[in-house]
1. Only one of these conditions is not met by H114: (1) in a helix (DSSP H, G or I); (2) surrounded by 15 or more Cβ atoms within 10 Å (Cβ to Cβ). Which number is it?
2. Which of the residues belonging to segment 178-208 are of a type outside the set (A, V, I, L, M, F, W, C) and either within 14 Å of S112 (Cα to Cα) or in contact with a strand residue (DSSP E or B) (Cβ under 8 Å, 6 or more places away or on another chain) (or both)?
3. For S133, work out the one condition from (1) out of contact with any Ser or Thr (no Cβ under 7 Å at 6 or more places or on another chain); (2) of a type outside the set (K, R); (3) surrounded by fewer than 19 Cβ atoms within 10 Å (Cβ to Cβ) it doesn't fulfil.
4. Taking E50 as meeting all but one of (1) farther than 17 Å from V150 by Cα; (2) more than 10 Å from the chain's Cα centre (by Cα); (3) surrounded by 16 or more Cβ atoms within 10 Å (Cβ to Cβ), write down the number of the exception.
5. When both residues are 6+ apart or on different chains and their Cβ atoms are under 7 Å apart, which pairs have a first residue that lies in segment 179-195 and is closer than 24 Å to A102 by Cβ and in contact (Cβ under 8 Å) with a residue 60 or more places away in the chain, and a second that is small (G, A, S) and assigned to a helix (DSSP H, G or I)?
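The values are calculated or read from the model by the stated rules, or taken from the named source; none is laboratory data. Values in this document were obtained by computation on a predicted structure and should not be read as measured data. Glycine gets a Cβ as well: all are built from the backbone with ideal geometry, and neighbour counts include every protein chain shown.
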Amino acid sequence: MIYRLFFLLSFLFSNFLYSAPQKIVAAAYKNKTIRRPVIVLDAGHGGRDEGAKIRYPYLEEKKLTLSATLFTKKYLEQLGYKVILTRAKDYFIPLKKRAEVANTAKAELFVSIHFNSCPNKIAHGIEIYYHNSLENKAKSKNSQNLASCVLQDVINKTNARSRGVRRGKFCVIRETKMPAILVEAGFITNPQERDNIRKTAYLEKISLGIAQGIESFIKKYS
């Protein structure tokens, strides 16, 4: 009886020693596979830099961009991403400093959010810019793909007019080392589009589209 009990305990102990590391490895692998990229969101303008504005009804781009950025942060965090903001309140931050925030954090993606204006009040729609770098073609291609994914999801959410993906040399997307885009999320100078942009529910649609577009890009190209 004693021998039988000894062999049983030996078997159970050896089985534990074998299975425990396997479970640890499996858990570590699982944690590795669900790792989410670090994303930097940049609310355009801020502080003394008001961006585009109109007097009646009074609108400042810097306030709209901050609202949309905070909504986007919320949706991305719900998806499990770590989000870093270049600004979380109404203060001025130089353009190169915004890019530096992303580069220092070694973020995987950078998204700058803006709203458009034009002397021609007919102009309307959403467009997204990326920098076409001859020195870093991989970044350029990834930025273009990111812009396409985000634009598609934002248009699907808002039913706004798509003005397409465009090339641009804006400092924040030029100086960042990772895939980077600049979203122009509609014209505050267009009466109909302005009426939409002033509504919190519409800003949330834009933000949800941006977040889902980022998710679409990561699933498709990572």
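1. (1)
2. Result: P179, E184, G186, T189, E193, R194, N196, R198, S207.
3. Just one mismatch for S133, condition (1).
4. For E50, the exception is condition (3).
5. P179/S143; A180/S143; I181/S143; I181/A147; A185/A68
Yes/no matrix, rows are residues, columns are (1) closer than 21 Å to M178 by Cα; (2) in contact (Cβ under 8 Å) with a residue 40 or more places away in the chain; (3) in a helix (DSSP H, G or I); (4) in the same structural domain as G46 (by TED's automatic domain parsing):
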{"site": "L64", "(1), (2), (3), (4)": "no, yes, yes, yes"}
{"site": "S67", "(1), (2), (3), (4)": "no, yes, yes, yes"}
{"site": "F71", "(1), (2), (3), (4)": "no, yes, yes, yes"}
{"site": "K74", "(1), (2), (3), (4)": "no, yes, yes, yes"}
{"site": "G80", "(1), (2), (3), (4)": "yes, yes, no, yes"}
{"site": "V83", "(1), (2), (3), (4)": "yes, yes, no, yes"}
{"site": "I93", "(1), (2), (3), (4)": "yes, yes, no, yes"}
{"site": "A99", "(1), (2), (3), (4)": "yes, yes, yes, yes"}
